[in-house]
Amino acid sequence: MQMPNLLKKIKRIKKSQALLIGSLFIFGGSIVLSWNYLLTMREQVFSDMKIAMMDPVPVEQTEQTPNSTTPNNTAAPQHYEEQYTIDYSKYFGVLEIPKIGLKRGFYNVGSQYNNISSNVTLVNGSILPYEGYGNLVLMAHSGDSYISFFAYLYRLGGGDDCYITINGVTYHYKIVNIYQVNKSGAMIMDFNSPSPTLTLVTCTKDNDKAQTVYVANYVG
């Protein structure tokens, strides 16, 4: 008579063990899913922070008239009210490309801050727009780091606007040519342009062996 009772106890024990094991599997699965979700959210938050640091999104777009008159009475670029205040007066000049929401200051050649490791860089030999015909060349990193100030240049096309402001005077350029060159560690750049020219150089998106050159002509 004791055998059936014993079998029933064994069955109850096995059933309890199965329920316990099943609960542990469910609990473990929940932890894994939650951890993956937290990792995904963490990457998204850091990605958003990184983009915000290198490319602030305009909150409100308004037109302003520059304090100084630009050549040919061309209107200055549209200015943006940003989420935080940047003191652009500390820079030698400012590059602005409205299409990609880029507004970034740069230092003069010879400054310790004119370094591609930390800023948009003014290339030595550049001819400034008020100096006459010639080529003003700026370089910066692309990619996804916090110093990738030219990360979105790949979105530009012919006819897009670029603006350089130096000493309170704004110079308006339009993209006329985009081409790639091999990344060899050195680039031959012609600074003696027959017209005032702005050239932007950065690494090519999704191609570690090339650089992309964006040439813009002065229009006023």
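Structure data summary
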| item | result |
| --- | --- |
| Selection within the stretch 189-199 - in a loop (DSSP other than H, G, I, E, B) and either of a type in the set (Lys, Arg) or within 17 Å of LEU138 (Cβ to Cβ) (or both) | MET189, ASP190, PHE191, SER193, PRO196 |
| Options ASP144, ASP87: the member that is at pLDDT below 95 and in contact with a Ser or Thr (Cβ under 9 Å, 6 or more places away or on another chain) | ASP144 |
| Top-ranked residue in the stretch 147-184 [being of a type in the set (S, T, N, Q) and either under 19 Å from ASN108 (Cα atoms) or assigned to a loop (DSSP other than H, G, I, E, B) (or both); ranked as farthest from the chain's Cα centre (by Cα)] | ASN167 |
| Tally of residues being over 16 Å from the mean Cα position of the chain (by Cα), at positive phi and without any contact (Cβ under 8 Å) to a residue 60 or more places away in the chain across the stretch 82-130 | 1 |
| Test result for LEU136, closer than 20 Å to CYS203 by Cα and touching a Phe, Trp or Tyr at 6+ places or on another chain (Cβ under 8 Å) | no |
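The values are calculated or read from the model by the stated rules, or taken from the named source; none is laboratory data. Computed from a predicted model, the values in this text were never measured in an experiment. Every residue, glycine among them, receives a Cβ derived from its backbone with ideal geometry; neighbour counts consider all protein chains shown.
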